[in-house]
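Chemist: Structure in structure tokens, see below.
The values are calculated or read from the model by the stated rules, or taken from the named source; none is laboratory data. Since we're looking at a predicted model, the values are computed, not measured. Note that we place each Cβ from the backbone using ideal geometry, even for glycine, and neighbour counts take in every protein chain shown.
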Amino acid sequence: MFEKIPSEIIDRMKELEEIDQIDRINGTPVLKRLRQIPSETGKFLAIQAALAPEGKFIEIGTSAGYSSLWIGLACLERGNSLITFELLEEKIEIAVQTFQKTNMEKIINLVHGDARKFLPEHNNISFCFLDAEKEVYYDLYDMIVPKLVKGGILIADNAISHEKALRPTIQKAFQDIRIDAVVVPIGTGELLCRKI
């Protein structure tokens, strides 16, 4: 999967990585702070998505589309697609550019709006990446887990960097008899859940 990434995807990933790095160093956003995952987390997502059972792929929190591209690599390998949700108009514009520049518009379906409004329409979720505002993780967890297929995967970002804010969600996952859960110390920390 990683040895055959199309050049247009590599180029856009590098461009977004550079923008994000400048934002982190300067503390002033070039294109509204992207706050995207590091590349090692992207690879982790792609591998987990490639291993997921059959079903829908969902992402909550598109930002500029960087993580979407990593998940999209698994979609290319598997022949399926990704539905990704983003609230902020300025990030929607950047994500649209990302998907156009990388020819991923047919693989990645970008939805402008609150995922909580749209999730009731989606069942049989096999993979979900959650990287939204931290205060909605708890509610989204409750919406997503019942919709996961057997063996389905939910990954929530920032489980270590925002542990205090996410503690209720992490504790809920550890006590949930419907899933197996672990916090993976990669990037900013990923809560990895698998539906039993």
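Chemist: Assess whether Leu88 counts as being closer than 29 Å to Lys172 by Cα and modelled with pLDDT under 95.
Modeler: yes
Chemist: In this structure, is Ile160 without any contact (Cβ under 8 Å) to a residue 24 or more places away in the chain, more than 19 Å from Phe85 (Cβ to Cβ) and more than 13 Å from the chain's Cα centre (by Cα)?
Modeler: no
Chemist: Suppose the filter is under 22 Å from Gly79 (Cβ atoms) and surrounded by fewer than 13 Cβ atoms within 10 Å (Cβ to Cβ); does Asn123 pass it?
Modeler: Criteria met by Asn123.
Chemist: I would also like to ask the following. Looking at Ala173, Ala159 in this structure, which one is among the small types (Gly, Ala, Ser), within 25 Å of Ala64 (Cβ to Cβ) and crowded, with 16+ Cβ neighbours inside 10 Å?
Modeler: Exactly one residue qualifies, and that residue is Ala159.
Chemist: Here is a further query. Could you list, in sequence order, all residues of the range 178-195 that are in a loop (DSSP other than H, G, I, E, B) and closer than 18 Å to Met143 by Cβ?
Modeler: The answer is Arg178, and nothing else.
Chemist: Surrounded by 22 or more Cβ atoms within 10 Å (Cβ to Cβ) and in a helix (DSSP H, G or I): is that true of Ala64 in this structure?
Modeler: The answer is no for Ala64.
Chemist: Among what's in the range 71-108 and is among the β-branched types (Val, Ile, Thr) and free of Cβ contacts under 8 Å to residues at least 40 places away in the same chain, pick the residue that is surrounded by the most Cβ atoms within 10 Å (Cβ to Cβ).
Modeler: Result: Thr84.
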